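**Q** The following block contains the structure, expressed as structure tokens.
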Amino acid sequence: MCIKNILKLFIIYLLSIILSGIFIPAPAIAITAREEEDMGLKFMEMAKRHFEFIEDPVIIKYINKIGNRIIATLPPQPFKYHFYMIKQDVYNAFAVPGGHVFINSGLFEAMEGEDELAGILGHEISHVLCRHISQRIARSSKVGIATMAGMIAGILLGIDGSGSAASAMTITSAAAGQSAMLAFSRENEMQADQIGLKLLSKAGYSAQGLLTMLKKIRDKSWFGSKEIPSYLMTHPAVEDRIAYIDVWMNGNKDSGMSVRKINPFDFERAHTRLEVVYGDENHVKKKFEAKLAKDPSNPMANYRLGLILARTGNRDDAIQHLKKALRKNVFEPNVLKDLGRIYFLNGDYEEALNTLKGALSITPDDLEALFFLGRTRMGLGNYKEAASIFEKLITAKTGNRAQVLYFLGKTYGKQDKLGDAHYYLGIYYKEKRDGKNAVFHLQKSLKYIDNKEKKKKILAMLEKIRGKSSRLKNDKDKTGFNKNLYQGMLPKY
């Protein structure tokens, strides 16, 4: 390509950024995009070792949906963004290099609508776009990627899980000496707000959501120093930010940008799911009963109470409340799915089958509904159909992959397909880090499977387990399985 054409393409690219209304000034000093990705992966390794991640498909799918809606307003990015929820009852949200954005369950629980979630995500995405952490890290050439990733983990998370800045971990003394560099400055926060507000506007969200959340976070700090939200420690100048956003909103009333019409059910369902599945069941039950008493015919109130009743084991009453929730919208797929799930758990397989099929006729890509349809097929003895469903789920990105592997193995066992049964059960136990049972089932599968490629794959898995085993003291893995005995079990192939 000639120089003229290259310059032309470069100018077009710059114009696309400028016309998008979001021009990110290039930092004078910064690590590369590849280094950012590596640091993000190192951070994820540390975070997953020390913190519980909420991987509920309903919640995570929803958060990613809103996050990606904001990302869609941007020019092409050097990496894919990922959105996570940490199970921690504190007000915090943050982003790290490589496009990893986190929100704590406590902050999400404090939200009352989608625009509040969008406001927080938009701000955190802007920190990544502006490369605020990356620029600060780049100023210290003596600290490696792994060390800095650990330092970020300490500052943003706190190793003991309290979320307190005082308990933030530091991996080395070098990292400790550099920790002050990572605190966002007032200028960082103002720039992230400026760009974040533009992103929200282009995505069709009002700035009111971000303003409301900042006021909630500020108000929480008034309960005493021990209650200061982690968010205020890593995102300073909240009062200045509130004032700025208020002025910005007044100055952009006639901007011409249309505000998105939000379906409140999407947020309410994810929010309800968090409370029902992860909250204190007695507290949540009383809360939902109080709301239903004020409006007995309210579909969402009936839906919420039905879910918490199912969790406490009162499935018959739960079914009645979910039926009431469907009266005003017979074709609401999410309520249909949960009703089908509760029918299944109650042993009403025929009712579950019809209800889940109804939900899937509206939303065919609902993996949770498909999973319970597979379980229902098993309950009815339709093992071939169940196996077909679980095979489909294996190739999909689902949060309950381990369960899918387990039931797929059991389903093949019911059909006397012992090779496949032991194969999938072996993978299940391998992913559960149960080396002893993994080896047992994978060994068994070799006796029944004829496919050479599949046998090679199984042997590779066995070899990997052996490799881990050899690194442990006394030639034993965490399950107490003896490596020498295992070596004797490996067939010659």
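Computed from the coordinates by the stated procedures, all read-outs in this text should not be read as laboratory data. Just so you know, these numbers come straight off a predicted model, no measurement behind them. Note that each Cβ is placed from the backbone with ideal geometry, even for glycine, and that neighbours are counted across all protein chains shown.
**Q** For the stretch 363-374, just list the computed ³J(HN,Hα) in residue order, Karplus coefficients 6.51, -1.76 and 1.60, θ = phi - 60°, integers in Hz, with x standing in for Gly and Pro.
**A** Going residue by residue, I get 10, x, 9, 6, 5, 5, 4, 5, 4, 6, 5, x Hz, with x marking Gly and Pro.
**Q** While we're here: What are the ³J(HN,Hα) couplings of the stretch 111-117, residue after residue, when phi is run through the Karplus curve with 6.51, -1.76, 1.60 and θ = phi - 60°? Round to Hz, x for glycine and proline.
**A** Once rounded to whole Hz, the list reads 7, 10, x, 5, 5, 5, 4.
**Q** So which trypsin sites (Lys or Arg not before Pro) in the stretch 55-115 are both in a DSSP loop and have at most 13 other Cβ atoms within 10 Å of their Cβ? Please list the in-between numbers first.
**A** Details: sites: K61, K65, R69, K80, K87; in loops: K80, K87.
Here the trypsin sites (Lys or Arg not before Pro) that fit, given the DSSP loop and packing criteria, are K80.
**Q** Determine which residues of the stretch 396-418 fall in the zone a paramagnetic label at N437 would reach in this model, i.e. backbone nitrogen under 20 Å from the point 7 Å along Cα→Cβ.
**A** In the stretch 396-418, the label zone of N437 (backbone N under 20 Å from the point 7 Å along Cα→Cβ) covers 399-418.
**Q** Take each of the peptides 290-296, 242-248, average the number of other beta-carbon atoms within 10 Å over its residues, and list them starting from the highest.
**A** Numbers: 290-296: 11.9, 242-248: 15.3.
Going from most to least packed, we get 242-248, 290-296.
**Q** Let me ask something else. Amide H neighbours of H100 under 5 Å, at least 5 residues apart or on other chains, H built in the peptide plane: list them.
**A** Here H82 satisfy the definition.
**Q** Another question, then. Hey, what do the phi angles of the stretch 436-446 turn into as Karplus ³J(HN,Hα) couplings, whole Hz, using 6.51/-1.76/1.60 and θ = phi - 60°, x for Gly and Pro?
**A** Using θ = phi - 60°, the values come out as 4, 5, 4, 4, 4, 6, 5, 4, 4, 4, 4 Hz.
**Q** Then there is this: Testing the spin-label approximation: label points 7 Å from Cα along Cα→Cβ at E52 and K447. State their distance in nm.
**A** 4.0
**Q** Can you give me the long-range amide H partners of Q88? Hydrogens built in the peptide plane at 1.01 Å from N, cutoff under 5 Å, separation of 5 or more residues or another chain.
**A** Amide H neighbours of Q88, under 5 Å, 5+ apart: S105, G106.
**Q** Label points 7 Å out from Cα along the Cβ direction at E350 and D280: separation in nm?
**A** 4.3
**Q** Hey, another quick one. Suppose the chain between N252 and D266 were pulled fully straight at 0.36 nm per residue; how much longer would it get relative to their current alpha carbon spacing?
**A** Values: separation 14, 0.36 × 14 = 5.04 nm, distance 2.76 nm.
Here the segment from N252 to D266 would lengthen by 2.3 nm.
**Q** Below 14 Å, Cα to Cα, which aspartates and glutamates can K285 reach? Residues fewer than 8 away in the same chain don't count.
**A** Cross-link targets: E275, D317.
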